[in-house]
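Notes follow once the structure below has been shown.
Each value in this text was obtained by applying a stated rule to the coordinates, not by laboratory testing. Not measured: the values here are computed from a predicted model. Note that we place each Cβ from the backbone using ideal geometry, even for glycine, and neighbour counts take in every protein chain shown.
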Amino acid sequence: MTHGSAQDSREREDRYTLNTYPKLPFALVRGEGSYIFDDAGRRYLDLYGGHAVSCLGHGHPRWVEAIAKQAAALDFYSNICYHPLRAEAAERVVRNSYPSMAGVYFCNSGAEANETALKIARKLTRRPLVVAMNEGFHGRTIGALSVTGVPKMRDAFPESLAGLTRFVDLGDMRAIEALDPRQVAAVILEPILSLAGVRLAPPEHYRALRAHCTRHGIALIFDEVQTGNGRTGKWFAGHHWGVEPDIVTTAKALAGGFPVGAVIANRWVAADVKTGDQGSTFGGGPLAVAAVAATYRILEEEGIVGAVARRSEAVLSRLRSLVGRGPVREVRGLGYLIGVECEIPAGILQARLLEEGVLVGTSNHAGTFRLLPPLTVTEEEWETFFRALEKVLSKKHLIEQP
Ligand SMILES: Cc1ncc(COP(=O)(O)O)c(C=O)c1O
């Protein structure tokens, strides 16, 4: 096997991997802080964070050291044995989530965390139905897909559990109240619908939802795969509204880029979870928990979550000042989960910003691009973004479709 040109290597990747992903037109080979570098040495300001994952920026020295140290000490052993870093990781995650949370189960991804949450909520309540949000996204495995409110993602897989899901619009309390609660095991939602283009409900909706679930013994599941771990300027999104779910799922930024998912459960849910109810060979392995413990240690000790809350205010208000001047229509979000709705397709803006050396995300809403940067992004780096954005928006020909 030879290692040929960059072009060769991309062709080989296309040839030998299944065709599941659309690709950006470069291969990334290195990252440092908020910057990523392609195989031609070009650097990009990463305001996408590998999809809301790289919360500490790329290659944070303390994170790298923690993983390297663990790899040298004990690469892997299963959950059949104790591990001191699992204790630390679990304690930090539980304590920083919600006061009512009792314990965490570590797995490997967001989808797997949601599968687990749905499974334990059904067992706990002995009820069949799950309420989920139109346009919500919970992952690609069959169970997680069954509660994903994006028909284009589900349509090719009609034999899912979607028949046991009742989809409602985020914020529509009446639609939830119209369902027979004795049939409903759980309500699952992203507190902020991210892929849908960053959509929130008013604070009172989350409180009403909490009250309804409590009244009827329904498990309230917050999918905080994106909103968790400090992204919104609080550790978890429910803190913004004083609302605690029964089950939290998270992944993405949880381990700073190492693949880890987690299900955090309150006392009511945790009391029903028995040995053998769930399991995973790799979940919570030594490297995974070393990465979680290091990520949380760094987030806590470097005051990163508070910094997101402070810095994001200036970013959001500067973005909002663009509304109505040029193509920016609306800016939505909390902390560093930001959707910018424009009159031009987000894919075009993404491509133009990329030419200026800035990477942003798109969304399922054609006109909305998303900012999901490392939580450590600096004011100077935001300046770089705004310079690029203003340049792109000011040149009409640059944003016209080819
Ligand atoms: C809100 C939400 N839930 C679940 C998932 C699935 O996570 P994973 O890709 O780790 O399975 C994602 C992934 O984008 C997500 O954004």
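Taking 0.890 mPa s as the viscosity and 25 °C as the temperature, the Stokes-Einstein diffusion coefficient of segment 74-301 based on its alpha-carbon Kirkwood radius rounds to 140 µm²/s.
In the chain, the DSSP-assigned H stretches of four residues or longer account for a calculated mean residue ellipticity at 222 nm of -11000 deg cm²/dmol, using -39500 (n - 2.57) per stretch and the full residue count as denominator.
Mean sequence separation of contacting Cα pairs (under 8 Å, at least six apart), scaled by the length of the chain, corresponds to a relative contact order of 22 percent. The phi torsions of segment 40-57, fed into the Karplus equation with coefficients 6.51, -1.76 and 1.60 and a -60° offset, translate into couplings of 9, x, 7, 10, 10, 6, 8, 9, 10, x, x, 6, 6, 9, 6, 5, 9, x Hz, rounded to whole numbers, with Gly and Pro shown as x. Radius of gyration over Kirkwood radius for segment 78-148, both on Cα atoms: the Rg/Rh ratio is 1.03.
Ranked by the mean number of other Cβ atoms within 10 Å of their residues, highest first, the peptides 247-257, 11-21 come out as 247-257, 11-21. Legend: calculated FRET efficiency, D39 to S100, from the Cβ-Cβ distance at R0 = 56 Å, rounded to 0.05, equals 0.70. Remark on A102: its backbone amide H falls under 5 Å from those of A265, N266, R267, a criterion applied only to residues 5 or more positions apart or on other chains, H modelled at 1.01 Å from N. Between the listed residues S100, Q183, C81, the Cα displaced farthest toward the positive end of the dipole of segment 74-301, a dipole computed from Cβ unit charges relative to the Cα centre, is found at Q183. Per residue, the average separation of C-alpha pairs within less than 8 Å and at least 6 apart gives segment 74-301 a relative contact order of 30 percent.
For V168, nonlocal amide neighbours, meaning residues 5 or more places apart or on other chains whose placed amide H falls under 5 Å from its own, are A132, M133, N134.
Phi-derived couplings, Karplus 6.51 cos²θ - 1.76 cosθ + 1.60 at θ = phi - 60°, listed residue by residue for segment 318-329: 5, 5, 5, 5, 7, 5, x, 9, x, x, 6, 9 Hz, with x used for Gly and Pro. Over segment 69-203, what is the mean sequence separation of C-alpha contacts under 8 Å (at least six apart), divided by residue count, expressed as relative contact order in percent? For segment 69-203, the relative contact order is 23 percent.
Backbone geometry of segment 154-166 corresponds, through the Karplus equation with coefficients 6.51, -1.76 and 1.60 at θ = phi - 60°, to 3J(HN,Hα) couplings of 8, 4, 6, 10, x, 8, 8, 8, 4, x, 9, 10, 10 Hz, x marking Gly and Pro.
Packing, taken as the mean count of other beta carbons within 10 Å per residue, orders the peptides 24-35, 325-336 from highest to lowest as 325-336, 24-35. Across every direction, the projection of the convex hull enclosing the Cα atoms of the chain has a mean area of 20.8 nm². Model label points for T214 and R182, set 7 angstrom from Cα along the Cα-to-Cβ axis, are 2.4 nm apart. Database remark: amide H of L372 closer than 5 angstrom to the amide H of Y48, G361 (H placed geometrically; neighbours at sequence offset of 5 or more, or on other chains; Pro and chain starts carry no H).
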